[in-house]
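Below is one structure, written out as structure tokens; the observations come after it.
FYI, it's all coordinate maths here, none of it is from the lab. Predicted model, so just to flag it, every value in this text is computed and none were measured. Using ideal geometry, Cβ is built from the backbone for each residue, glycine included, and neighbour counts are taken over all protein chains shown.
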């Protein structure tokens, strides 16, 4: 199969259109039925597959970076009488288990990015549901801050997955119904088992939508509501000029992929991919304006984009590379310098965007179903924001002293303010706070070391790395560890990691990736859904699915 | 297959022994290898199956009710050099998916009951790990408040499920390691992938156990520690006499099961079971002593035991009955009267036990993978604690007025203080607070109605029932609803209900039943674990499992 490419841009969109009108943008869904990732299915009725969601993700991102003037975003349909029919069922019926799981993960991340835009970029999303809206369509609407439904005696919102397809509304649907919309649980039960959905005033009373509006008042009402949401925004206007997310350059290199500051190294036989992030090639700019002038080549923005593309690429196109080895190269002080700059300029819209973008990219790592191992060696720059890579890893190994035949100084880890609040995980704690849940004094001790380069034994004593290892043991330890890891069941590892990475409190986000997704993955393996006589396979065939009636 | 019977008593135990020595009880695990539920496997090395856990559950329960004098419980092994080898692997390898899932649910409930005993009965558990302790064995230890490990240079604690069996430590193991013991995530990763486990001082440093003690000091140290835990207990001593949990009487009745106050009605063709709970046959006793004199026949204790047995029985022995219809019969005022009595006597050890027992039974309902429908009809007594049955249900239907040809007065729901704190769900909120998460004012409004019988339309207006239905619609509505429900995929329903029932905050308990269990259920469906070449099937065969190396 062709590798999946996550890079796109509005000029190439086949499914979405961005119409910017002053402080309001309209994000118009108008899916090209023939524009799916595969020719095996038609994307009718604004149903979607990954190709559609790749564009949506790109659009949400570009609105933040390229349109600082936009304060409210209206998601609407470009088709008559249908808002969105949800994920394409034929696509789901034919997709491999792994593709289903990764498709849902990506679409979940996109929905969360929409919520992140409303909350942190203060580009507040409004779902203008101007037609029937089912399954993933309603889940898309649920990601908005405000949902309007047209009252035409016909348009409904619905989550028909369980009655119709024997699966869950797994793109956050069940969790947002109970935890965001806070729909009463018995009404949620009725709603989620009513194929035809709910419309009109009842949808408001049940808290499924915020308002219903008649067709004649629709356009005016949507615009008025968008203006009202825009007025709630505190988005800094700056000079109104955005930063163009220029096409991401990458090239093949020794069987891997090289970006400007990031590269992927592939060891196919061992089942390992290396992700190497290079530190800033220069000092932080003198001012926010100077940083903005650098545009997409400004280092923190560039690595966010490149690292994100690398992660998505490995998730979808390299499922057999079960271990990701995370490394860095460069000058730790330059990383800390950029971190301080970003933190100091948080009132500037662009610096705020970059910080939240990096936050989202690190979160993508947290939910990536691969074993993550950070190697901290001479020449590395695990400092400040790049140290988050080590804290996101399942394990981190640090070399003590220097390597024979290498005259670079010993590796050091350096903490910055960035590690104590800029990049929370999905559980709303920092990676360090999660790490030290059982020993809050270690968190305090670490804080006292901000700015101090910490060599291996010091870092180990502070609990910042899993193990400090001598040069003469390094290669063997590493080889054995990776051989062992890749010998275990990939599924058991994915499930184990998904649990161990998220200690402590839960948020709607962790509930979506933990509880809801795990249940959906289970359902995606059950014959009642995916067997030859299951609902996903039989959908559209005219033959009823045949279910094993045993409850577990 | 023989139906599984959850009733047992110490005289019939084959795997456990209770030794009470004043305020300390020793709960000794000494599994009879030939005493498993099936003859297909031998329970070597204190490994366990459901038969062993049924006895453990019974023992934990009896210690609370029959031994008010016991303030600390020491779990230890009766075998040399082995504490417990965990769930029996051959049993797991041969069990159906449904049995695996229900086995884990029950063992999880037993572990949580141990924690509930430490916290609420103040019978504080100590795990005295006097030998190797792996998998479910360590998960049992994790349920204790304090873990002691013998330091004999050989005994380890271990969670070898992932490396050895390609499954998870799913009886709370992963969650308790991160959220109860608060082991640092990277050390947890190392621990959970190290087949041979961790011993000695390192186990203490990693927070896996609380202390290690040499063999020569072992017995004295365990006793001293138990005495110290007992001293922390505030367990009311009363007169030191317990209540004997006499054998639970039940008989077959019209294809169902009848207990003294509870009955199960089975409609096999429709896939429905009714659970009918009868209200108190008499007024509340005059005093706590009078209640204690009633012993196991005291109404709240009797219904807790009977309802629990009914739930477990349906879960394991009737997997094809996908809908449980919950009904009550009797006098609501008598229920409220008993509730008030229990609440007023909370300083009495027995009344406290009964309240927490009822709490646990209602929680069993919350995690039961069946659609729960409450029917509130004339003659019912959904009042106070019995109203929790309606609030635990996925939907509740209430009949408006009287039924034709039935001269009983219209049905009424009555709230009591019990509904506002006595019986929290696993998420630590009451069922009403969870229900009204989005409308706290409804919670307040409901509270104002404490003690007032609420007929159907009033109950519906207050949001206490899903729908109030007229007599002439009742039979049809009910028939259609049940036919529809039983036509859906049982798996999709189980997963949907597991999500919708637990809105709001998460606790270790909800993380175990939500996140951890859902991931384990997924793993239990993956060929890498359960396929012909999977690790569970190949265990002990001398042939390595063969894994699909794709990550999802």
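The table below gives the values:
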read-out: Tilt relative to chain A, helix A:490-500 - C-alpha long axis, 0 to 90 degrees, to 10; value: 80 degrees
read-out: Cβ-based exposure ranking for B:48, B:13, in which fewest neighbours within 10 Å come first; value: B:13, B:48
read-out: Quotient of Cα Rg and 2.2 N^0.38 Å for the stretch B:120-212, N being how many residues it contains; value: 0.99
read-out: 222 nm mean residue ellipticity, helices alone, for chain A (DSSP H n ≥ 4; -39,500 (n - 2.57); rounded to 500); value: -11000 deg cm²/dmol
read-out: Inter-centroid distance (Cα atoms) of the stretch B:402-450 relative to the stretch B:374-401, Å; value: 9 Å
read-out: Linear extension gain, residue B:119 paired with residue B:268, 0.36 nm per residue minus alpha-carbon span; value: 49.6 nm
read-out: Pairwise centroid distance, computed over Cα atoms, of the stretch A:148-212 with the stretch A:67-85, Å; value: 20 Å
read-out: Reduced Cα scattering model of the protein assembly as shown, Debye log10 I(q)/I(0), q = 0.07, 0.09 Å⁻¹; value: -0.66, -1.11
read-out: Relative contact order, percent, chain B [alpha-carbon distance under 8 Å, six or more residues apart]; value: 12 percent
read-out: Estimated distance in nm for a label pair at residue B:533 and residue B:408, the labels positioned 7 Å out from Cα along Cα-to-Cβ; value: 6.1 nm
read-out: Label spacing, shortest first and in nm, from residue A:195 to its equivalents in the remaining copies (7 angstrom along Cα→Cβ); value: 5.1
read-out: 7 Å along Cα→Cβ, label-point gaps from residue A:294 to other copies, nm, shortest first; value: 7.6
read-out: Cα-based Rg of the stretch B:274-431 normalised by 2.2 N^0.38 Å, two decimals; value: 1.02
read-out: Residue A:282-residue A:470 FRET efficiency (beta carbon distance; Förster radius 41 Å; 0.05 resolution); value: 0.75
read-out: Cα-only radius of gyration and Dmax that characterise the stretch B:281-360, units Å; value: 14.4, 44
read-out: Degrees separating the helix B:332-344 axis from the principal Cα axis of chain B, which is the longest one; value: 40 degrees
read-out: Separation in nanometres of the label points that stand 7 Å from Cα toward Cβ, at residue A:34 and residue A:347; value: 5.4 nm
read-out: Stokes-Einstein D (µm²/s) once Rh is taken as the Kirkwood radius of the stretch A:379-535 over alpha-carbon pairs, at 25 °C in 0.890 mPa s; value: 137 µm²/s
read-out: Within chain A, percent of DSSP bridges classed antiparallel, to nearest 5; value: 30 percent
read-out: Alpha carbon Rg of the stretch B:1-158, scaled by the compact-globule rule 2.2 N^0.38 Å; value: 0.98
read-out: Ascending count of other beta-carbon atoms within 10 Å, so fewest first, for B:306, A:470; value: A:470, B:306
read-out: Sequence of B:257, A:450, B:512 once ranked by neighbouring C-beta atoms within 10 Å, starting from the fewest; value: A:450, B:257, B:512
read-out: Folded to 0 to 90 degrees: helix B:349-366 orientation relative to chain B principal axis, Cα; value: 90 degrees
read-out: Label 7 Å beyond Cα on the Cβ vector: residue B:232 copy-to-copy distances, nm; value: 4.6
read-out: Inter-part distance where the stretch B:230-256 and the stretch B:334-367 are each reduced to a Cα centre, Å; value: 13 Å
read-out: Separation of the residue B:94 and residue A:244 label points, Cα + 7 Å toward Cβ, nm; value: 7.0 nm
read-out: Other protein chain Cβ atoms within 10 Å, averaged over every residue that makes up A:519-532; value: 6
